[in-house]
Amino acid sequence: MTKAVVLAAGRGSRLYSPKPKVLHKIFDKPVLAWVLDSLAEVELDEIIVICGYKAEQVQSFLHAYPVTTVIQAEQLGTGHALQIAREAIGDYEGSVLVVNGDCPLIESSTINDLLKQHQDNILDLSFLSCELEKPYGYGRVIRKGSEIIAIKEEKDCSEPEKLITEINAGVYAFEWQTIAPGLETLSNNNAQEEYYLTDLIAWAYSQGLASASHKITNPYEVMGINTREDLALVWKLKNEANLELLMRSGVTIVDPLNTMISPDADIGQDTIIFPGTYIQRRVVIGEGCEIGPNTTILGPAEIGSGTSVIHSVISRSSIAENSFIGPFAHVRGGSDIGPDCKVGSFVEVKNSSFGEKTMASHLSYIGDAKLKNNVNIGAGTVIANYDHRTGKKFESTIQSNASTGANSVLVSPVEIGAGATVAAGSVITKNVPADSLAIARSRQENLSPSRKTEA
Ligand code: UD1
Ligand code: CA
């Protein structure tokens, strides 16, 4: 039986940002979400998240998660945060796992190992530690012989203590009934004038309770986000690890140093990712695709097998199999492109659908429109979907086998019937019946040299 408390009330002053630290993103996912996703694979009775600095923002982000939130109105330290959590935890008779909300690289397997060691050895208090070559900034694990007697914060350490390389990772397991009384003994008589959670370790020692650290070997896993440099390093680490996994699963990454793919994206075998590509979470790419160079895909998005996307941006849209997107296309706003389609150079598609074998090859804007099968959109066609005065948007439909001539404008709402043709340069404001030709432009007149001056 375990409950978890996630400490997420701090401001993160070293990020120099009005935004709470835990909402800063790695790929398109906040630091806190990475921590909560790790906790999702730990068996827990409840997750309590302590919010404080700009709590409304953190709480509104947390709506999607099955967690309880507790407000720490003043952030007086990590120990104070746990004191505030006490009411929500109640007189719980199990273990309480406490996790710093700013450690997005922590793995669920590591947390499970810590809990297992804690429960198997019937310990009162355990925590994750790690040997770091450069322990600067972290709390140090102070031992007498092999026995743990305290954790001391960097700012409170003596010079010899600063040489200690075993650091506190900020993930703890407490036997709640035994440890909770220690919270009353915390004081802020220290360098930062904060109530330190880590002072519970010395208190447990003074009470003769059983404490242990669980040493982990990957120094990055314990990394807390404190600065923008830390954020950049975590982006890099998450990306590197993910690209390695993708390559091992059969995806070609031509230039790993110039490719960023969220670990929450799925990519099929024999897809090739060319340099300069950035792919966010909730993107699913099929097999044998060619993505990039210089392509951005923002999720949720789906790319079917055999599709190519070159020098383009796809955002919250899906492309079916064997289609060709780009170069320099922008497909966005819930668009749905069918199989064997083309969205070519300088074409923007917004909230629109293409059936099968439909093509918009050059220089077009397709907004709020349904294009059925085998439609051909001429170069420079624009669907005028927006009334600037009212701010309203209108929809148009182009039925199968219809085509629009170059430089035509369809003023929505209109329907172009099946097999109909819109002549080049037309401004269409009325529906066009099936199989007919719509011409909506003034006729060309060729004036003789003598009439040129009249004109
Ligand atoms: C903390 C530990 C340190 C450990 C390090 C690991 C303490 C006193 N020190 O230091 O031993 O090596 O983590 O990363 O715990 N928070 C609150 N309320 C507060 C203060 C902080 O919820 O009043 C939250 C923060 O949002 C953050 C977490 O607690 O997510 C840790 O706080 P932070 O200030 O980053 O502690 P460190 O100085 O990094
Ligand atoms: Ca920290």
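Could you say whether any residue in segment 183-198 is more than 12 Å from ligand 1 (Cβ to nearest atom) and open to solvent by less than 10 Å² (accessible area, probe 1.4 Å)? Full working, then the answer.
So in segment 183-198, the residues more than 12 Å from ligand 1 (Cβ to nearest atom) come out as 183-185, 187, 189.
When the remaining residues are screened for being open to solvent by less than 10 Å² (accessible area, probe 1.4 Å), the result is 183.
Looking through segment 183-198, at least one residue is more than 12 Å from ligand 1 (Cβ to nearest atom) and open to solvent by less than 10 Å² (accessible area, probe 1.4 Å).
Pairs are defined by a Cβ separation below 8 Å, a sequence spacing of at least 6 or placement on different chains, a first member in segment 270-292 that is more than 23 Å from Ile26 (Cβ to Cβ) and among the polar types (S, T, N, Q), and a second member that is assigned to a loop (DSSP other than H, G, I, E, B) and at pLDDT 95 or above; the pairs so defined are Thr271/Val251; Thr271/Gly286; Thr271/Glu287; Thr271/Gly288; Thr271/Cys289. Condition test on Asn446, is it in a loop (DSSP other than H, G, I, E, B), assigned by TED's automatic domain parsing to the domain that holds Ser352 and open to solvent by 40 Å² or more (accessible area, probe 1.4 Å)? Judged against the criteria, Asn446 is not a match.
Inside segment 120-131, residues that are touching a helix residue (DSSP H, G or I) at 6+ places or on another chain (Cβ under 6 Å) and closer than 21 Å to Cys103 by Cβ make up a count of 4.
Scanning segment 260-272 for residues that are more than 26 Å from Leu32 (Cβ to Cβ) and open to solvent by less than 20 Å² (accessible area, probe 1.4 Å) turns up Gly268, Thr271. Filtered by the rule that a residue be outside any helix (DSSP H, G or I), open to solvent by 20 Å² or more (accessible area, probe 1.4 Å) and either touching a Lys or Arg at 6+ places or on another chain (Cβ under 7 Å) or within 11 Å of ligand 1 (Cβ to nearest atom) (or both), segment 212-230 gives Asn226, Thr227. Just a yes or no: is a residue in segment 128-137 crowded, with 17+ Cβ neighbours inside 10 Å and more than 16 Å from ligand 2 (Cβ to nearest atom)? Scanning segment 128-137, I find no residue that is crowded, with 17+ Cβ neighbours inside 10 Å and more than 16 Å from ligand 2 (Cβ to nearest atom), so the answer is no. Listed by first and then second residue, the pairs linking a residue in segment 173-186 that is closer than 12 Å to Asp91 by Cβ to a residue that is open to solvent by less than 10 Å² (accessible area, probe 1.4 Å), with Cβ atoms under 6 Å apart and 6 or more places separating them unless they lie on different chains, are Trp176/Val96. For Ala180, the criteria (1) within 13 Å of ligand 1 (Cβ to nearest atom); (2) part of a helix (DSSP H, G or I) hold in every case but one, which is (1).
Looking at Lys134, Lys155 in this structure, which one is of a type in the set (Lys, Arg), in a helix (DSSP H, G or I) and either touching a helix residue (DSSP H, G or I) at 6+ places or on another chain (Cβ under 6 Å) or within 28 Å of Asp230 (Cα to Cα) (or both)?
Numbers: Lys134 fails: in a helix (DSSP H, G or I).
None of the others qualify; the one that does is Lys155.
Summed over segment 90-124, the residues that are outside any helix (DSSP H, G or I) and not acidic (Asp, Glu) give a count of 17.
Taking segment 51-89 as the range and being in contact (Cβ under 8 Å) with a residue 40 or more places away in the chain and either among the polar types (S, T, N, Q) or outside the structural domain of Leu197 (by TED's automatic domain parsing) (or both) as the test, the residues that pass are Gln72, Gln75, Thr78, Gln83.
Each row is one residue, and each column tells you yes or no for (1) within 21 Å of Phe354 (Cβ to Cβ); (2) small (Gly, Ala, Ser).
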residue: Ile253; (1), (2): no, no
residue: Asp264; (1), (2): no, no
residue: Gln269; (1), (2): no, no
residue: Ile272; (1), (2): no, no
residue: Pro275; (1), (2): no, no
residue: Thr296; (1), (2): yes, no
residue: Glu302; (1), (2): yes, no
residue: Ile310; (1), (2): yes, no
residue: Ser317; (1), (2): yes, yes
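Scanning segment 236-252 for residues that are assigned to a helix (DSSP H, G or I) and open to solvent by less than 60 Å² (accessible area, probe 1.4 Å), we see that the one that is farthest from ligand 1 (Cβ to nearest atom) is Leu246. When segment 351-378 is limited to residues that are of a type outside the set (S, T, N, Q), buried (at least 19 other Cβ atoms within 10 Å of the Cβ) and touching a residue at least 24 places away in the same chain (Cβ under 8 Å), the one that is farthest from Val427 (Cα to Cα) turns out to be Gly355. Taking first residues from segment 90-109 that are under 20 Å from Leu123 (Cβ atoms) and without any contact (Cβ under 8 Å) to a residue 24 or more places away in the chain and partners that are more than 10 Å from ligand 1 (Cβ to nearest atom) and β-branched (Val, Ile, Thr), no Cβ contact under 8 Å between residues at least 6 apart in sequence or on separate chains turns up. Here Glu161 meets the list (1) assigned to a strand (DSSP E or B); (2) more than 15 Å from ligand 2 (Cβ to nearest atom) almost entirely, failing just condition (1). If you go through segment 163-177 and pick out every residue that is open to solvent by 50 Å² or more (accessible area, probe 1.4 Å) and either out of contact with any Pro (no Cβ under 8 Å at 6 or more places or on another chain) or closer than 13 Å to Gly79 by Cα (or both), you end up with 2.
The values are calculated or read from the model by the stated rules, or taken from the named source; none is laboratory data. These figures come from a predicted structure and were not determined experimentally. Every residue, glycine among them, receives a Cβ derived from its backbone with ideal geometry; neighbour counts consider all protein chains shown. Side chains included, ligands, DNA and RNA excluded: accessible areas come from the protein's heavy atoms. Shrake-Rupley method; radii C 1.70, N 1.55, O 1.52, S 1.80 Å.
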